[in-house]
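Each value in this text was obtained by applying a stated rule to the coordinates, not by laboratory testing. Predicted, not measured: the structure shown is a model, and the values here were computed from it. Using ideal geometry, Cβ is built from the backbone for each residue, glycine included, and neighbour counts are taken over all protein chains shown.
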Amino acid sequence: MSQIFTETVTINAPLEEVWNYFINLEENAPNWMKGIQEMEKETTGEIHQGTNYLFHARGKRHSSTVTEFVPKAKVTLTSVQGNFQADYTYSFSSENTDYTKLTLNASCDARGMSRVFSPVIKMAIKKSDRDQVNLFKEAFLNRDQVRT
């Protein structure tokens, strides 16, 4: 896997509150994931490694699978399109009860002809998603405001 970017924010809230908002992807992801109009959990039951999500982005339907899941600590969402795989690993930590650190590490793997386009795809991902943790923080802090 080739790293695309790593970004970290500190949120003035307990880890459990931040985690609970994050893990409710169906309801909350459209508030902080750019271009995601809708996210639907395709797998039944509790979220676990192997849970699959369908989402609409930029007019197309895509899927993402939870490939790593450590409750209240880490989630990796993996999307594969053809010979290109993107992993978004969200890590949560807390040094005290009042603050939570959220880190997003985005990485990718390209095979076959996708390798030729990999630098362009990586640049587009970085441009599109680098501010995702900041958007998450903003959405989380404004979560109690009435949506219009």
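What's the extension gain from His56 to Val80 if we count 0.36 nm per residue and subtract their Cα-Cα distance? Could you put the intermediate results ahead of the total?
Numbers: separation 24, 0.36 × 24 = 8.64 nm, distance 1.45 nm.
Length gained, His56 through Val80: 7.2 nm.
The string of couplings for segment 4-11 from the Karplus curve (6.51, -1.76, 1.60, θ = phi - 60°) is 9, 6, 9, 9, 9, 10, 10, 10 Hz, one whole number per residue in order, with x for Gly and Pro. Put the Cα centre of segment 79-148 next to the Cα centre of segment 26-60 and the gap is 13 Å. With a ≥ b ≥ c the root eigenvalues of the C-alpha gyration tensor of segment 2-141, is it rounded (a/c under 1.5), prolate (a/b larger than b/c) or oblate? Prolate shape, in that a/c is at least 1.5 and a/b is the bigger ratio.
For Glu17, Glu7, what's the fewest-to-most ordering of other Cβ within 10 Å of each Cβ?
Details: Glu17 13, Glu7 16.
Ranking Glu17, Glu7 by Cβ neighbours within 10 Å, fewest first, gives Glu17, Glu7.
So how tilted is helix 132-141 from the main axis of the chain? Cα-based, degrees 0 to 90, rounded to 10. So the helix axis and the longest Cα principal axis differ by about 20 degrees. Lys-Lys pairs in segment 34-148 that are eight or more residues apart or on separate chains and whose Cα atoms lie under 25 Å of each other come to 29. Residues Lys41, Lys127, Lys137 in ascending order of nearby Cβ atoms (within 10 Å, fewest first): Lys127, Lys41, Lys137. In this simple spin-label model, placing a label point 7 Å from the Cα along the Cα-to-Cβ direction at both Gln37 and Arg143 gives a separation of 2.6 nm.
Please work out the FRET efficiency for the pair Asn134 and Glu68, using the Cβ-Cβ distance as r and a Förster radius of 25 Å; give the result to the nearest 0.05. Calculated transfer efficiency: 0.65. In plain terms, the residue of Asp144, Asp109 with the fewest other Cβ atoms within 10 Å comes first and the most crowded comes last, giving Asp144, Asp109.
Using a simple charge model, +1 on the beta-carbon of Lys and Arg, -1 on the beta-carbon of Asp and Glu, nothing else, what dipole does the chain show about its Cα centre, in debye to the nearest 20? Intermediate results must be reported in sequence, preceding the final value.
Values: 17 positive and 18 negative charges, 155 e Å.
Approximately 740 debye in magnitude.
Between Pro119, Pro14, Pro30, find the one with the highest GNM mean-square fluctuation for the chain; connect C-alpha pairs within less than 10 Å. Of the options given, Pro119 has the highest mean-square fluctuation.
Classify segment 81-136 as rounded, prolate or oblate from the Cα gyration tensor: take a ≥ b ≥ c as the square roots of its eigenvalues, call it rounded if a/c is under 1.5, otherwise prolate when a/b beats b/c and oblate if not.
On the way: a/c = 4.62, a/b = 2.58, b/c = 1.79.
Here segment 81-136 falls in the prolate category.
Counting only alpha carbon atoms, the long axis of helix 114-129 and the longest principal axis of the chain meet at about 20°.
Applied to segment 31-44, the Karplus parametrisation 6.51 cos²θ - 1.76 cosθ + 1.60 on θ = phi - 60° returns per-residue 3J(HN,Hα) values of 6, 9, 9, 4, x, 8, 8, 7, 9, 10, 7, 8, 8, 7 Hz, with x for Gly and Pro.
For the chain, what does the helix formula give at 222 nm: sum of -39500 (n - 2.57) over DSSP H segments with n ≥ 4, over the residue count, nearest 500 deg cm²/dmol?
Mean residue ellipticity, 222 nm, calculated: -8500 deg cm²/dmol.
Karplus-derived 3J(HN,Hα) values for segment 69-84, using 6.51 cos²θ - 1.76 cosθ + 1.60 with θ = phi - 60°, are 8, 10, x, 6, 9, 7, 9, 10, 9, 10, 10, 10, 10, x, 9, 10 Hz; glycine and proline are entered as x.
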